[in-house]
Amino acid sequence: MKTSYLRLKGMGCASCANTIETAIQNIAGVAICHVNFGAEQATVEFDPHQTTIDQIQQAVTDAGYTAQPIEDTTSDLQNSEKDNREIEKKLTQKVLISAIVSVFLVIGGLPMMTGLNLPFIPPWMHNPWLQLILTTPILFWSGQSFFLGAWKGLKRHQADMNTLISVGTGAAYLYSVFVTFFPQFFLNQGLSADVYYESAVVIITLILLGQLLEHRARGKTSDAIKKLMGLQAKTARVIRSGEEIDIPIEAVKVGEIIRVRPGEKIPVDGELIEGNSTIDEGMVTGESIPVEKYPGDEVIGATINKTGSFIFRASRVGKDTVLAQIVQLVQQAQGSKAPIQKLADQVTGWFVPVVIAIAIATFILWFNLTGNLTLAITTTVGVLIIACPCALGLATPTSVMVGTGLGAEHGILIKGADSLELAHKIQTIVLDKTGTLTAGKPTVTHYITIGGTNNDHELKLLQLAAAIEQQSEHPLAEAIVEYAKTQGVNFPLPAINDFQALAGMGVQGYISDQLVQIGTSRWMEELGIKTELLQQYQSSWESEGKTTAWIAIEGKIEGLFAISDALKPTSKPAIQALQKMGLEVVMLTGDNQKTAQAIASEVGIKRVFAEVRPDQKANIIKSLQAERKGQKKQYQIVAMVGDGINDAPALAQADVGMAIGTGTDVAIAASDITLISGDLMGIVTAIKLSKATLNNIRQNLFFAFIYNSAGIPIAAGILYPLTGWLLNPIIAGGAMALSSISVVTNALRLRQFKLN
Ligand SMILES: Nc1ncnc2c1ncn2[C@@H]1O[C@H](COP(=O)(O)OP(=O)(O)OP(=O)(O)O)[C@@H](O)[C@H]1O
Ligand SMILES: [Cu+]
Ligand SMILES: [Mg+2]
């Protein structure tokens, strides 16, 4: 299966999105297809053996739209921005010219509409023939997209918002043309021969004005991406054969040596090799406190160097940089579909046919009841226009775009709209210990050997331990290697044979035919290795919250390490905030019971699962999900937060998986949300953001529905017998434009939401 992203063009409303979705889904080999109207994007998962991107593109073309695969976020964004400017220019032109004609027609029609004698309006201004001559070109030029869209739909036996607008304005126009040519037909029956050209033109103008304003506002929903991309530095000062030259950032290659001076932006990702400095990484990680960096540390492109000057080696450039990946992820998330939208989609699907049915019923009813063709036409056109479901299609995607963008600005990467929607429902939150609650930078605090304090012996043993641990990616391993360095162990370390890492237990290997094993006491027990001699040390260290690791040579215990990993400063406040929100916080760790308990009580976690093997972490999540709590005895929505390879299955099993951005790639890939800086306060922010976004979506759906549902009966003339109120079709056109605008404006309001 392959996932591709397509940039779509030509969609006029949400039902177009449905059309495209169906067209793509009907291709053999396509598994999933989501079309996001707001982001004008399609996400397609397909089997490359059965179909190709070309075929998918062709299907979209056949449906009457265009699709372009998104290969590179930057150029895609530039292209779509250029297109958008063009669309906006054309729309503005149409709106302006139609507005002028509208004003003329409305003034000309005033005496007729109001029934007053207005002598300052010359009679030629409402001459039907003049109105016909003015209306015809404007209607078919400005309203071209609607009529073409309706025609395309008709050919596929589909009705959409274009159909409604076309039938509505078309009816008003044709009726007026008939009156213009055969006024006697009406006069003979004692009816007035009034024309309604202005209705058709004004409705089209208002809808176009709505589209223009909506288009402008919609551009702002992707501001977050533009802001992120704008963070990138323009040039880099590279050192080539001893000379420092400034080159454009696109020309920087991997491996190149780059100098960064105080106050400058770091151009690309890399590893610091000389000098040290404080770096503000807030723009990428959301972390407000600048971090100190020394040789060997990773630096991230687009972050700002504060105080020092340093040299680094570029490790990732172009679309591989952290920033580029963030931008790409955000763009994909913005194009994804929130589950709540399914409802809106279904409604849109049957909305148009239902509205057409109501319109026909309205016409028949009024015409039969009153015999007044004018009344019948006015109500029918009103129904058709006000019922247009265009705002419905905007309600969810616009909020999702703003919400995911806002998250990214706060260092929270949300991969899809579904997890954004689900996050506010989380009831239980499971935290991994090492690297999640703690900083993940453990240091050896104690080291003791059976052989006593004979310095030579201690160093020899430490060298063997470091040699084995150098092969491991585990944070504890790194701590032991670092410790060996500070203690003056001889490097290079001896060679290892048959290295093996036993997940959740430890590591082993042979050094000149001697078996060296380092790991948990449980593992030692399982191996039948006696640990009595140093047990009292183990238990006192563990109750201080330290992790212990035994070293055994040839099946005999030789020494014990105590390793401590400081809590992140924000872990405790974050847990308190989560508990205050009513969530149950649980710890899940591979570390031993005692250490886990000590850390848990320090941060205020009551429920602890310790000594959990990596393959069992997902099972624990499953059993937590199956727990039924509360009055309604619901299944629990469980979120897992973790950083390690051992957390990946649990992250995938959880309803919402959150990875620590500083953790392993495997964990990040298995998760739905990434907390870039690793600050656990990000969990609180993500939940708040989810709540705010969902509220915003609900408001939008309300705005989208209220105009339609309140407007249809009024337009149909339900109040006419009681109060004489009829909804002028022109007002219906205005209401429809207003509903789209209020939806998009409301979505943009979400940008102001304060997350901390
Ligand atoms: N390379 C290693 N060197 C020494 N001990 C190890 C090593 N790998 C694992 N262990 C031991 O196995 C235990 C469990 O490891 P695991 O990776 O499952 O969890 P963890 O990283 O300690 O904790 P968490 O699950 O909270 O991230 C560790 O606490 C450690 O005692
Ligand atoms: Cu519409
Ligand atoms: Mg971990």
- Roughly how many Å² of residue 3 are accessible to a 1.4 Å probe, to the nearest 10? 70 Å²
- Helix 390-409 sits at what angle to the longest principal axis of the chain, using alpha carbons and giving 0 to 90 degrees rounded to 10? 30 degrees
- Query: Roughly what % of DSSP beta bridges within the chain run antiparallel, to the nearest 5?
  - Reply: 80 percent
- Query: Against the longest principal axis of the chain, how steep is helix 475-486, in degrees 0 to 90 to the nearest 10, with axes from Cα atoms?
  - Reply: 50 degrees
- Query: In degrees, nearest 10, range 0 to 90: what is the angle between the Cα axis of helix 593-603 and the longest Cα principal axis of the chain?
  - Reply: 50 degrees
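Go through 326-338, 551-563, 22-34 and give me the packing order, highest mean Cβ count within 10 Å leading.
Answer by packing, highest mean first, reads 326-338, 551-563, 22-34.
What relative contact order, as a whole-number percentage, does the chain give when Cα pairs under 8 Å and 6 or more residues apart are counted?
Value for the chain: 13 percent.
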- Quick one: with all protein chains in place, what share of the accessible area of the chain is carbon or sulfur, to the nearest percent (1.4 Å probe)? 57 percent
- Go ahead and collect, in residue order, the members of region 522-549 whose backbone nitrogen is under 19 Å from a label point 7 Å along the Cα-Cβ direction of residue 579. 545
- Note on the structure: Taking alpha-carbon centroids only, region 700-715 lies from region 108-178 a number of Å equal to 24 Å
- Query: Using a 1.4 angstrom probe and counting only protein chains, how large is the accessible area of residue 425 in Å², to 10?
  - Reply: 100 Å²
- Message: Counting other C-beta atoms within 10 Å, and keeping those with at most 13, which DSSP coil GluC sites (Glu not before Pro) do you find in region 436-474?
- Response: 473
- How much area per residue is accessible in region 253-316 when the probe is 1.4 Å and only protein heavy atoms are counted (Å²)? 44 Å²
- Task: Note the full-extension length gain between residue 144 and residue 127 as 0.36 nm times their separation in residues minus their Cα-Cα distance, in nm to one decimal.
- Result: 3.6 nm
- A chain fully extended from residue 151 to residue 751 at 0.36 nm per residue, minus the present Cα-Cα distance, gains in nm 212.1 nm
- Message: What are the extents of the Cα atoms of the chain along their three principal axes, in Å, largest first?
- Response: 122, 69, 48
- Item | Residues residue 443 and residue 259, FRET efficiency given R0 of 25 Å [Cβ-Cβ distance, rounded to 0.05] | 0.20
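For residue 526 and residue 185 in the same chain, what is the full-extension length gain: residue separation times 0.36 nm, less their Cα-Cα distance, in nm?
112.6 nm
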- Message: Can you give me the solvent accessible area of residue 485 with a 1.4 Å probe, rounded to the nearest 10 Å²?
- Response: 110 Å²
- Task: With a Förster radius of 35 Å, plug the Cβ-Cβ distance of residue 103 and residue 370 into 1/(1 + (r/R0)^6) and report the FRET value to the nearest 0.05.
- Result: 0.65
- Message: Once R0 is set to 25 Å, what does the formula 1/(1 + (r/R0)^6) return for the Cβ-Cβ distance between residue 244 and residue 319, expressed as a FRET efficiency to the nearest 0.05?
- Response: 0.45
- With a ≥ b ≥ c taken as the square roots of the eigenvalues of the C-alpha gyration tensor of region 432-550, please select rounded if a/c is under 1.5 and otherwise prolate if a/b is larger than b/c or oblate if it is not? rounded
- Message: If you average the C-alpha positions of region 239-314 and of region 576-632 separately, how far apart do those two centres end up, in angstrom?
- Response: 39 Å
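The values are calculated or read from the model by the stated rules, or taken from the named source; none is laboratory data. Bear in mind the structure is a predicted one, so any value in this text is a computation, not a measurement. Counting neighbours? That spans all protein chains shown, and the Cβs are built from the backbone with ideal geometry, glycine included. The accessibility values were calculated without ligands, DNA or RNA, using every heavy atom of the protein model including side chains. Shrake-Rupley method; radii C 1.70, N 1.55, O 1.52, S 1.80 Å.
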